[in-house]
Amino acid sequence: MAALEIKSPEGLPDSETPARSDGASHPFERKNLGIYFIESDNRRMAHGRGYTGGTTPVNIHGKPIADLSKTGGWIAAFFIFGNEMAERMAYFGLSVNMVVFMFYVMHKPFSSSATAVNNFLGISQVSSVLGGFLADAYLGRYWTIAIFTTIYLGGLTGITLSATIKYFSPNQDQCDKISLLLGSCEQAKPWQMFYLYTVLYITGFGAAGIRPCVSSFGADQFDERSKDYKAHLDRFFNFFYLSVTLGAIVAFTLVVYVQMSHGWGSAFGTLAIAMGISNMLFFIGTPLYRHRLPGGSPLTRVAQVLVAAFRKRNASFSSSEYIGLYEVPGKYSAIKGSGKIAHSDDFRCLDKAALQLKEDGPNQSPWRLCTVTQVEEVKILIKLIPVPACTIMISLILTEYLTLSVQQAYTMNTYMGHLKLPVTCMPVFPGLSIFLILSLYYTIFVPISRRITGHPHGASQLQRVGIGLAVSTLSVAWAGFFERYRRNYAVNHGYEYNFLTPMSGLCVFWLLIQYCLIGIAEVFCIVGLLEFLYEEAPDAMKSIGSAYAALAGGAGCFAASILNTIIKSATGNAKEGRPTWLSQNINTGRFDYLYWLLAILSAINFCVFLYTAGRYKYRAEHKHE
């Protein structure tokens, strides 16, 4: 079949030549490179597939849905919410309780317990890249969630057995508070710790298919052709994060209560039961779900673009051999589950992957000639990276709070009148602040900010991310000032070497300020980021886009572990008797220095984000142009 030539250099005036022979280009010429397209029927489809109707939803069998009114919408989304709520309930329940469990039951120091939990948090988020890849490439989001949520349940069951069967933990006889303080309790056997770490990290790995897919799969339930699609999507991501918050609140209250009343086995068993129930509800909702066809391996498509661009790195856009930028004909792309993407002028070196020359022939390999849509997918993935990268800092701060704030709370008065609050309940307060803010978001924040910004949703996605980063900086700065006050109080009142005894004159509710500020930061930053990544990611890479957020969260967890390790080795000297900033005795350590260091890093990160966000151009704006 003959090529359908839209425009090529031969048919244009000299003034519109896309590039000069010396390789330099005028800004006008750069902007008009996208008009040189050819559409050809002589190209075999990627991965042996035919043309696909863009993002047309299908049923679980891959067939088009005849009546969309009977599927999707808010009812289907609520079945999906339950799965994320249970996963976050387990995530937060383990992140706080596991540190205490390892200290009191497995007799591990706070520092090594915190490192193990940070690694769990990191694995559960970084592995999301694998889940996103499998969902977009082969399995689809539904089956990815189904498989990995089962793995998650298996890991939680293993943790429950570790806390229930005495065989899996060291002897607790003659291990009182003084023995714990001196480190003289019987240590866990290596195989016991190996088993615990194994089931803990299996649980973290189970999150790989849940994190990147649940938010995207829920958003897939709404019709993007509807006039209310943007409003529904905006509200969906707020309700989605509300379900995350409810899971955290349950973890910090009900699970803690069960642990105090019935023991560690019952507490971890509660998490496993909740995950089992959510799995059942997820499968019950199967007939209601709308699915997107996986578009084949996104990594293969990215590799094809890079290889093709490298092969033609010496080709010139002004060459007489240049025919045009290649694309398949019609309104559908060659990528299953994706519509066409308009050409952009960013990363022009990658455009050479779509550069069709006369020597290419009619049936060229995709490793030598790619479509414009395939090239634009790679460009979009690259352009998205700086935004989630800037959110690594807030994840680092959250990780430090989850472990260090528990140690702070142990030294303070946790009574509310005659009611004594468990220390592990303290992280519930950021969850409550998030719940309150999300509840008032549309009635207070949106109307007020709409008057200021003129934006229909009050603030753009990147503006919300920026607000979150700014508030997180205030939170960690306050944490530094208060920790200095708390430490001085302990030293001046004789608690310097008795860090497990609460100070009756210092109320733990001073920690609520930093908790509530970080809760506000989470609402704006994480919700804005999830919505931004879903809307901006290519059609066939939505899960990969969502995985960026989880990857940033995991990087923050690992960064916290690395930072803690560096601080321990750089600030302490055992020979001189100088404790590290992160001494197990918090009253002789300098947690305040760590918080101020984080505040400085966070402020620098915020400035980098402002520069990045100012240069970013939304895909919708590009389409409009």
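Remark on the chain: C213, C349, C370, C390, C425, C507, C516, C525, C557, C607 stand apart, with no other cysteine beta carbon under 4.7 Å.
Multiplying the residue separation of L610 and A570 by 0.36 nm and subtracting their alpha-carbon distance yields 11.2 nm. Helix-only mean residue ellipticity at 222 nm, the chain, DSSP H runs n ≥ 4 weighted -39,500 (n - 2.57), per residue, nearest 500. What is it? Result for the chain: -19500 deg cm²/dmol, rounded to the nearest 500. Between helix 372-384 and the chain, what is the angle of the helix's C-alpha long axis to the longest principal axis, kept within 0 to 90° and rounded to the nearest 10? So the inclination is approximately 30 degrees.
Across the protein chains, with a 1.4 Å probe defining accessible surface, the residues F310, F532 rank F310, F532 from largest area downward.
Stokes-Einstein diffusion for the range 223-331, with the hydrodynamic radius set to the Kirkwood value over Cα pairs and evaluated at 20 °C in a medium of 1.002 mPa s, equals 106 µm²/s. Electrostatic bookkeeping for W143 treats Lys and Arg as +1 and Asp and Glu as -1; over the other residues with beta carbon under 14 Å from its beta carbon, the sum is 0. Above 17 Å, the calculated P(r) of the range 521-581 contains 58 percent of its Cα-Cα pairs. For the pair the range 359-437 and the range 332-356, the centres of their Cα atoms are 29 angstrom apart.
Taking all protein chains together and a 1.4 Å probe, the residues H107, H262 rank H262, H107 from largest to smallest accessible area. Take the Cα of Y593, step 7 Å toward its Cβ, do the same at S365, and the gap between the two points is 5.8 nm.
Other residues lying with their Cβ under 15 Å from the Cβ of L533 contribute a combined charge of -2, Lys and Arg counting +1, Asp and Glu -1.
Taking Cα centroids, how far is the range 167-224 from the range 574-611 in Å? One Cα centre to the other: 26 Å.
Scaling against 2.2 N^0.38 Å puts the C-alpha radius of gyration of the range 298-375 at 1.02. In a fully extended conformation the segment linking L419 and K331 would gain 25.2 nm over its present Cα-Cα distance, using 0.36 nm per residue. Extension gain, S266 to C507, is 83.8 nm, computed as 0.36 nm per intervening residue step minus the present C-alpha separation. Classification of the range 380-451 by its C-alpha gyration tensor yields an oblate form. The axis ratio a/c (a ≥ b ≥ c) is 1.5 or more, and b/c is at least a/b. Taking amide H positions as modeled 1.01 Å from N, with prolines and chain starts lacking one, the residues under 5 Å from M412 and 5 or more places away or on another chain are M503. Normalised by 2.2 N^0.38 Å, with N the number of residues, the alpha-carbon radius of gyration of the range 118-248 equals 1.44. Each residue of the range 460-475 was assigned a 3J(HN,Hα) from its phi angle through the Karplus expression (A = 6.51, B = -1.76, C = 1.60, θ = phi - 60°), giving 5, 4, 5, 5, 5, 4, x, 4, x, 5, 5, 5, 5, 5, 4, 4 Hz with x at Gly and Pro. Note that the range 402-456 presents 49 Å² accessible area per residue, ligands and nucleic acids not counted, probe 1.4 Å. Quick one: which residues, 5+ away or cross-chain, put their amide H under 5 Å from the amide H of G339? H built at 1.01 Å from N. The list, which skips near neighbours in sequence, is T55, D539.
By the Stokes-Einstein formula, at 0.692 mPa s and 37 °C, the range 384-624 with its Kirkwood radius over alpha-carbon pairs has D equal to 169 µm²/s. Seen through its C-alpha gyration tensor, with square-root eigenvalues sorted a ≥ b ≥ c, the range 56-294 comes out prolate because a/c lies at 1.5 or above while a/b is bigger than b/c. Using equal-weight Cα scatterers in the Debye expression, the normalised intensity of the chain in log10 at q = 0.09, 0.11, 0.12 Å⁻¹ is -0.78, -1.07, -1.21. Among beta bridges from DSSP that stay inside the chain, the antiparallel ones total about 70%. The calculated FRET efficiency for H455 paired with T56, based on their beta-carbon distance and R0 = 30 Å, is about 0.50.
Taking 19 Å as the straight-line reach from the Cα of K166, the lysines in range (excluding those fewer than 8 positions away in the same chain) are K108, K189. Taking 30 Å as the straight-line reach from the Cα of K312, the lysines in range (excluding those fewer than 8 positions away in the same chain) are K7, K31, K331, K336, K340, K352, K358, K379, K383, K542, K617, K623. Counted by Cβ distance under 13 Å from R484, the other residues give a net charge of +1, where Lys and Arg count +1 and Asp and Glu count -1. Among W143, W264, the order of accessible area from largest down is W143, W264, computed with a 1.4 Å probe on protein heavy atoms.
The values are calculated or read from the model by the stated rules, or taken from the named source; none is laboratory data. Note that the structure is predicted; figures quoted are calculated from it, not measured. No Cβ is skipped: glycine too gets one built from the backbone with ideal geometry, and neighbour counts run over all protein chains shown. Just so you know, the surface numbers come from the protein's heavy atoms only, side chains and all, with ligands and any DNA or RNA stripped out. Shrake-Rupley method; radii C 1.70, N 1.55, O 1.52, S 1.80 Å.
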